[in-house]
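Participant: Got a structure for you, questions after.
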Number of protein chains: 2
Amino acid sequence: MSDVQQQAQAARKASKKLVTATEDQKNHALQAIAQALRKEKASILKQNQKDLDQAEKGQYSRALLDRLKLTEERLEEMASGLEELITLSDPVGEVMETRIQNGLRIEQTRTPLGVIGMIYEARPNVTVDSTGLALKTGNAILLRGSSSALHSNSILAEIIQQALETTSLPPEAVQLVKDPDRTSVRELLTMNHLIDVIIPRGGAALIQRVVQESTVPVLETGVGNCHIYIDLSADPVMAHRIVINGKTSRPAVCNATETLLVHRDWAEKHLTGLSEELNKHGVEIRGCSHTQQLIPQCIPAVPADWETEYLDLILAVKIVDSLEEAIDHIHRYGTGHSEAILTENDDTAHRFMQGVDAAAVYHNASTRFTDGSQFGFGAEIGISTQKLHARGPMGLRELTSYKYCISGSGQIR
Amino acid sequence: MSDVQQQAQAARKASKKLVTATEDQKNHALQAIAQALRKEKASILKQNQKDLDQAEKGQYSRALLDRLKLTEERLEEMASGLEELITLSDPVGEVMETRIQNGLRIEQTRTPLGVIGMIYEARPNVTVDSTGLALKTGNAILLRGSSSALHSNSILAEIIQQALETTSLPPEAVQLVKDPDRTSVRELLTMNHLIDVIIPRGGAALIQRVVQESTVPVLETGVGNCHIYIDLSADPVMAHRIVINGKTSRPAVCNATETLLVHRDWAEKHLTGLSEELNKHGVEIRGCSHTQQLIPQCIPAVPADWETEYLDLILAVKIVDSLEEAIDHIHRYGTGHSEAILTENDDTAHRFMQGVDAAAVYHNASTRFTDGSQFGFGAEIGISTQKLHARGPMGLRELTSYKYCISGSGQIR
């Protein structure tokens, strides 16, 4: 039996114990981990420095180095994030619905999912954040981070396990999957009897690989080719603010705006002004042929621009003749993440919100709000772009399943 | 582009129209299909006879022939099943939860899933039943039945499409996938951008193939290796009734009982009597070594018996020392379908219901109740044995997803 299989079996066993853990026991474990992280700050930063040193020798981008880097402040955020989870109520055990049928009392009751397989890139904070969400919902978790963060993830997992040893939860509830021969991902993706769900977090290539190869059910997260459609009746001042915010407030995240669709009547009057504003914020515009007429200095858009998640200060701009053309464009190129319409016409807004098929559809607000904390979930493990199980930000509730508990008095059928 | 791809694209396009269909429009379509089925009874039975003739020439079992056979009565059941769906309320559009955050109104709103790919064996009634459930929830459906039912499924799909042509719903919402070169299943399983979910219905081999090969999310259904655990305090009269019902009322269905676990104290007093009752009902007992001492005439169980879904008048019987041993056995061999405990001790029942990881867990009732109609769902498209999205009987609500509709007044982050 391989190491990963042994780890998965231990996780499965731990998950059976977690099912009956009380909310107090789970909260106590979260507190113990938070304290241990604070206590071991120096050792964590030392191990993180090893990862940073290696990454600097490699061909890694500045963005990756930033995601990899831990600081005292980031460690404190991780610890206080765990403490925030303590304040949220545990969804497990909640009776979602009660039915009486055939004299049977049928209670649909929230349960943990069981064992979560987390496959992720670079950021060591995911190790701690997903551990917290998993434990609070009574799930065991197998963490398969990237090799670039191995030193950081190893010490974090070690500290978590040591902290769990001081509590009533089993330390095998949280395990880092080490992977000397790089076969662990494939193994994780096919252990249907030991793992209940795989959650990938990272770039499009990682997510695609997981979707293609996994026989375990997957919660697909993340890729966001998000649009703002400016309708003919949109308020120009509001449109300026929202487009600048959607594009520039944090361009590297999945809920940033990537393509602007503009009704031609609005474009004729206001697009030049908006493009000047975008220029001031350093945004490069890639425009359709009609856009090129109104903004001669823009870069001509090529077909690939409509499907690109730039994650950068670049905005594709297309002028459309109608709401329907905007919706069709989003159907064709959107990734089902976050889409917005700016309009003063409520009927148009309603048609857009009904017709667009995405996790979050906005009327007169920035796409940047698609986020567990902004939705009031307190925390999130990722943003689902699939339609099964969970859509949009996934918080505690989305890490649960349910079962029907049926009480009878001898009923037969 | 292959035929299946063209069909899937047409289904995707139809699904966009279905999103905005009203409940009245959908009910009208269900009524039109029910009427057409009644009107075309003679032609349907004629085509069904062709399938039956072919099947009789082949190596098909009596059970398969029975599943394949349509009668006037069965056709009327299919038509009235559609009419029953009309009386159920449409879940699409329901606001599941409203949150106010950052001045934004965030409404979690039920939506159709989109396009459902149904892959199933033999029974032509699945063609009509799943069409009804899909249309009522605003989903398009691609039906890939087995070749043994091709004539029956073809005429049913034709009648459904003709009926849809008289309504405001697009006929491409329901399409039968024909498969001269037998590549359509693989194609369906990998069309991630056109199909939102695959639902397999049939034997274990079909379901396993779908789980292994599909990159589209799957709702795994059906295999039920269901247990009844008779605790030491179980009422003997109730235990007799429930065990006989679980095993013999309809042995070929997935919620039938396959293994009996008996606490040794109860077994010493009552197992012989129960075995005599089972004998009278024609049930073959395959017992563990301890069982063999109490019922000398039983067949010795081999390890494979604990994991077999007999779907027949055979019952595996194992005597256990404790509740924990019973739960461990179910963890090891159960398929997460339906599990029951018979006990007069409420604390023991609670521990069983909390500890056993299955879609439906019963206290003092037969496993046979795991069924959409018995749960009051009105209809079901299958029984999920996975933990993601839906667990247990899947009715209308389980054929929906949701999206967040967010209304603002210019908010930025």
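The values are calculated or read from the model by the stated rules, or taken from the named source; none is laboratory data. Everything numeric here is computed off the predicted structure, so don't read it as measured data. As a convention, Cβ positions derive from the backbone with ideal geometry for all residues, glycine included, and neighbour counts pool all protein chains shown. Areas reflect the complete protein model, heavy atoms only, side chains present, ligands, DNA and RNA absent. Shrake-Rupley method; radii C 1.70, N 1.55, O 1.52, S 1.80 Å.
Participant: So what is the relative contact order for region B:336-413, in percent, with contacts set as C-alpha pairs under 8 Å and at least six apart?
Facilitator: 24 percent
Participant: Related question: Treating cross-link reach as a plain straight distance, find the lysines whose alpha-carbon is under 20 Å from the alpha-carbon of A:K247, omitting any fewer than eight places away in the same chain.
Facilitator: A:K280, A:K318
Participant: Take the Cα pairs of chain B, get the Kirkwood Rh, then feed it into Stokes-Einstein at 25 °C and 0.890 mPa s and tell me D in µm²/s.
Facilitator: Stokes-Einstein gives a translational diffusion coefficient of 106 µm²/s.
Participant: Taking a probe of 1.4 Å, how large is the accessible area per residue of chain A, in Å²? Intermediate results must be reported in sequence, preceding the final value.
Facilitator: Details: 16180 Å² over 413 residues.
Dividing the accessible area of chain A by its residue count gives 39 Å².
Participant: Quick check on packing: order B:115-125, A:308-318, A:351-361 by the mean number of other C-beta atoms within 10 Å, highest mean leading.
Facilitator: Details: B:115-125: 24.2, A:308-318: 20.2, A:351-361: 22.6.
So the peptides B:115-125, A:308-318, A:351-361, ranked by packing, come out B:115-125, A:351-361, A:308-318.
Participant: Just checking the output field for A:212-221: average partner chain Cβ neighbours within 10 Å of each residue's Cβ?
Facilitator: Average per residue, whole number: 3.
Participant: Something else about it: Summing both sides, how much accessible area is buried between A and B? Use a 1.4 Å probe and give Å² to the nearest 100.
Facilitator: 6300 Å²
Participant: Take A:K178 and A:R332, extend 7 Å from each Cα along the Cα→Cβ direction, and tell me the distance between the two endpoints in nm.
Facilitator: Rounded to a tenth, the inter-label distance reads 5.2 nm.
Participant: Determine the shielding of peptide B:19-25 by partner chains: average, over its residues, the number of Cβ atoms on other chains within 10 angstrom of each Cβ.
Facilitator: Whole-number average of other-chain Cβ neighbours for B:19-25 is 1.
Participant: Provide the packing ranking of B:222-229, A:63-70, i.e. peptides ordered by the mean count of other C-beta atoms within 10 Å per residue, highest first.
Facilitator: Highest to lowest by the protection proxy: B:222-229, A:63-70.
Participant: Can I ask one more? Amide H to amide H, which residues 5 or more places from A:E94 or on other chains are under 5 Å from it, using H placed in the peptide plane?
Facilitator: Amide H neighbours of A:E94, under 5 Å, 5+ apart: A:R110.
Participant: Give the long-range amide H neighbours of A:E284: residues separated by 5 or more places, or on another chain, with amide H under 5 Å away, using H modelled in the peptide plane at 1.01 Å from N.
Facilitator: Placed amide hydrogens put A:I314, A:L315 under 5 Å from A:E284.
Participant: Still on this structure, I have one more. Between A:Q25 and B:E94, what FRET efficiency follows from the Cβ-Cβ distance if R0 is 41 Å, with the result rounded to 0.05?
Facilitator: Details: r = 36 Å, r/R0 = 0.87.
The calculated FRET efficiency here is 0.70.
Participant: For region A:325-340, what does the Karplus curve 6.51 cos²θ - 1.76 cosθ + 1.60, with θ = phi - 60°, yield as ³J(HN,Hα) per residue in whole Hz, taken in order and with x for Gly and Pro?
Facilitator: 5, 4, 5, 4, 4, 5, 4, 6, 10, x, 10, x, 9, 9, 9, 10
Participant: Let me ask something else about it. Work out the mean other chain Cβ neighbour count within 10 Å for the residues of B:101-107 and drop it here as an integer.
Facilitator: Partner Cβ neighbours, averaged per residue: 5.
Participant: Considering only A:M353, A:A316, A:S233, whose Cα is most displaced toward the positive end of the charge dipole of region A:226-369, charges sitting on Cβ of Lys, Arg (+1) and Asp, Glu (-1)?
Facilitator: Comparing the listed Cα positions along the dipole, A:A316 ranks first.
Participant: So how strong a dipole does chain A carry about its Cα centre when Lys and Arg Cβ are +1 and Asp and Glu Cβ are -1, to the nearest 20 debye?
Facilitator: 1280 debye
Participant: Another question, then. What does the accessible area of A:R391 come to, in Å² to the nearest 10, when a probe of 1.4 Å is used?
Facilitator: Roughly 10 Å² of A:R391 is accessible to a 1.4 Å probe.
Participant: Still on this structure: With only Lys, Arg, Asp and Glu charged, each at its Cβ (+1 for the first two, -1 for the last two), find how big the charge dipole of region B:226-369 is about the Cα centre; round to the nearest 20 debye.
Facilitator: Details: 11 positive and 21 negative charges, 90 e Å.
Result for region B:226-369 is approximately 440 debye, rounded to the nearest 20.
Participant: Within the protein assembly as shown, what percent of beta bridges assigned by DSSP are antiparallel, to the nearest 5?
Facilitator: Numbers: 35 of 121 bridges.
Of those bridges, close to 30 percent are antiparallel.
Participant: Taking only C-alpha pairs under 8 Å that are 6+ residues apart, what is the relative contact order of chain B in percent?
Facilitator: Working: 815 pairs, mean separation 74.9, N = 413.
Relative contact order here is 18 percent.
Participant: Let me ask another. Can you give the charge dipole size of region B:118-220 about its Cα centre, rounded to the nearest 20 debye, using +1 on the beta carbon of Lys and Arg and -1 on the beta carbon of Asp and Glu?
Facilitator: The dipole of region B:118-220 has a size of about 200 debye.
Participant: Within region A:1-135, count lysine pairs with alpha carbon atoms under 18 angstrom apart where the residues are 8 or more positions apart or belong to different chains.
Facilitator: Close lysine pairs found across region A:1-135: 9.
Participant: May I ask for the distance between the Cα centers of region B:351-409 and region A:197-237, given as a whole number of Å?
Facilitator: Spelled out, the Cα-based centre of one part sits 27 Å from the other.
Participant: If you keep only loop residues by DSSP, which trypsin sites (Lys or Arg not before Pro) in region A:90-185 have at most 10 other Cβ atoms within 10 Å of their Cβ?
Facilitator: Qualifying residues, ordered by number: A:R182.
Participant: Using a 1.4 Å probe on the protein heavy atoms, what percent of the accessible area of the protein assembly as shown belongs to carbon and sulfur?
Facilitator: 47 percent
Participant: Which listed residue (B:Q212, A:S15, A:L133) has the Cα farthest towards the positive end of the charge dipole for the protein assembly as shown, taking +1 on Lys and Arg C-beta and -1 on Asp and Glu C-beta about the Cα centre?
Facilitator: Of the options given, the answer is B:Q212.
Participant: Report, in degrees rounded to the nearest 10, the 0 to 90 angle that the Cα long axis of helix A:236-248 makes with the longest principal axis of chain A.
Facilitator: That helix lies at roughly 50 degrees to the long axis.
Participant: Output the Kirkwood hydrodynamic radius of the protein assembly as shown, Cα pairs only, in Å rounded to one decimal.
Facilitator: Its Kirkwood hydrodynamic radius stands at 28.6 Å.
Participant: Now for a separate question. Can you give the helix-only mean residue ellipticity at 222 nm for chain B, where every DSSP H stretch with n ≥ 4 adds -39500 (n - 2.57) and the sum goes over all residues, rounded to the nearest 500 deg cm²/dmol?
Facilitator: Numbers: 15 runs with 179 residues, N = 413.
Rounded to the nearest 500, the figure is -13500 deg cm²/dmol.
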